[in-house]
1. Select from segment 302-355 the residues that are of a type in the set (D, E, K, R) and more than 27 Å from residue 107 (Cα to Cα) and write down the one among them that is surrounded by the fewest Cβ atoms within 10 Å (Cβ to Cβ).
2. Checking the conditions here, which among 130, 120, 137, 149 is modelled with pLDDT under 85, under 21 Å from residue 22 (Cβ atoms) and of a type in the set (A, V, I, L, M)?
3. Residue 299 - would you say it is among the charged types (D, E, K, R), in the same structural domain as residue 230 (by TED's automatic domain parsing), modelled with pLDDT of 95 or more and crowded, with 24+ Cβ neighbours inside 10 Å?
4. Only one of 69, 26 is in contact with a strand residue (DSSP E or B) (Cβ under 6 Å, 6 or more places away or on another chain) and in the same structural domain as residue 79 (by TED's automatic domain parsing). Can you tell me which?
5. Quickly run through segment 23-40 and pick out the residues that are part of a helix (DSSP H, G or I) and either buried (at least 18 other Cβ atoms within 10 Å of the Cβ) or within 26 Å of the chain's Cα centre (by Cα) (or both).
6. With the checklist (1) within 23 Å of residue 110 (Cβ to Cβ); (2) small (Gly, Ala, Ser); (3) not in a helix (DSSP H, G or I) in hand, flag the one item residue 205 doesn't pass.
7. Which of the residues that make up segment 174-227 are buried (at least 18 other Cβ atoms within 10 Å of the Cβ), in contact with a Cys (Cβ under 6 Å, 6 or more places away or on another chain) and closer than 17 Å to residue 293 by Cα?
Amino acid sequence: MFLAQPQKLRVLIVDDSSFMRMAIRGILSRAPGIEVVGIAADGVEGVEKALALKPDLITMDVEMPRMDGIAALKQIMAKQPTRVLMVSTLTCEGARATFEALDAGAIDYVPKNVSDSKDAQHLFQQALLAKVVEASAVSKKVIGFQRPALVKPVQVRASQFASRRISYVGIGASTGGPVALQEVLSRIPVNFPHGIVVAIHMPKAFTGPYADRLNAKCSLSIREAVNGDVVKGGQVLIAPGGMHTNLVKQGNSIVVRTAPITDYPQYVYIPSVDQMLTSFCDASGGAMLGVILTGMGNDGFKGMKHLKGKGGVTLVQNEETSTIYGMPRACIEGKVADVVLPLDQIGFEIGRIGS
């Protein structure tokens with residue numbers, strides 16, 4: 001009797017750089033459970049091979065001749081929605097293009113460092129493999145804007161949290177988070193009275209352009225946080241990439257204190273949602289709302305548990321609308337979620353709870 005072999009993840013690589021094509025192919029071909037089924041040198045060839053080969057996942061370069069990665073992505077999503085992982089340069093221009101690609105349906109991105117140093121190559125290899133594994137777990141229901149049917153929301157009576165004072169909001173997210181966070185923040189009214197701090201797993205070069213993009217698309221004032229910033233009502237601060245963010249009490253205010261990653265070697269994810277939420281909770285005396293959106297892993301669970309223990313309110317995105325259910329699931333299964341809602345209702349609920 002023969003046992004069926006597990007099906008390999010079939011990957012198409014689209015990149016105009018022969019060096020990057022060979023590098024990505026070498027990394028993925030050596031990984032168990034992954035099969036590289038095709039290579040394309042530009043967007044036109046990428047679309048053709050995507051339709052012909054029907055891969056499970058595509059790694060897509062952003063800047064290419066004839067047809068760039070975003071144009072190719074849009075054609076693929078229109079004709080044959082597929083998991084697409086963008087390969088982006090660590091520049092402001094690369095960041096802006098990446099966020100446009102995420103809006104167009106890409107699952108996630110992996111930053112490439114053009115340096116030929118051994119350390120840079122090793123980091124890219126680790127990041128690529130991790131992102132491919134994460135992307136492979138994404139349900140086909142959320143690919144290419146195919147939103148699943150929304151479940152009936154949890155009905156929260158106004159009196160349920162009446163005894164809990166809410167003065168601040170902390171939000172954490174990872175894979176799928178850039179698009180999800182934009183959805184949430186765009187639904188919070190401009191006169192929202194409480195300060196909001198967000199920790200989302202992004203590299204240093206990306207958080208600034210991302211904050212600028214959100215600020216242009218949402219009614220709230222949104223910018224990247226800097227050391228010493230005061231958390232104010234009606235303003236959203238995005239924790240900067242490449243470091244951790246603490247919130248500390250200073251007089252009657254709460255201020256941002258950034259810290260190098262070497263100060264917190266226990267955290268795999270940067271910036272850490274757990275560290276942001278835990279310090280924010282302590283600084284506010286628990287008078288805050290914690291929100292966890294889509295993302296791989298369990299970052300945020302410890303922070304939400306700490307917040308719930310201090311009397312704060314916790315809100316989590318539901319499984320049906322999460323790109324990756326890891327972070328929300330950790331909170332739900334760990335019984336630290338007061339409210340579980342679909343993505344399109346979270347911003348409205350933040351407005352209600354925080355009013």
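The values are calculated or read from the model by the stated rules, or taken from the named source; none is laboratory data. Values in this document were obtained by computation on a predicted structure and should not be read as measured data. FYI the Cβ positions are ideal-geometry reconstructions off the backbone, even for glycines, and counts take in every protein chain you see.
1. Once the filter is applied, the top-ranked residue is 335.
2. Checking each option against the conditions leaves just 120.
3. Yes.
4. Being in contact with a strand residue (DSSP E or B) (Cβ under 6 Å, 6 or more places away or on another chain) and in the same structural domain as residue 79 (by TED's automatic domain parsing) holds for just one of 69, 26, which is 69.
5. 23, 24, 25, 27, 28, listed by residue number.
6. (3)
7. Across segment 174-227, the qualifying residue is only 185.
To keep it simple, each residue is scored yes or no on (1) at pLDDT below 90; (2) touching a Cys at 6+ places or on another chain (Cβ under 7 Å); (3) closer than 22 Å to residue 182 by Cα.
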position	(1), (2), (3)
4	yes, no, no
42	no, no, no
51	no, no, no
63	yes, no, no
70	no, no, yes
75	no, no, no
88	yes, no, yes
94	yes, no, yes
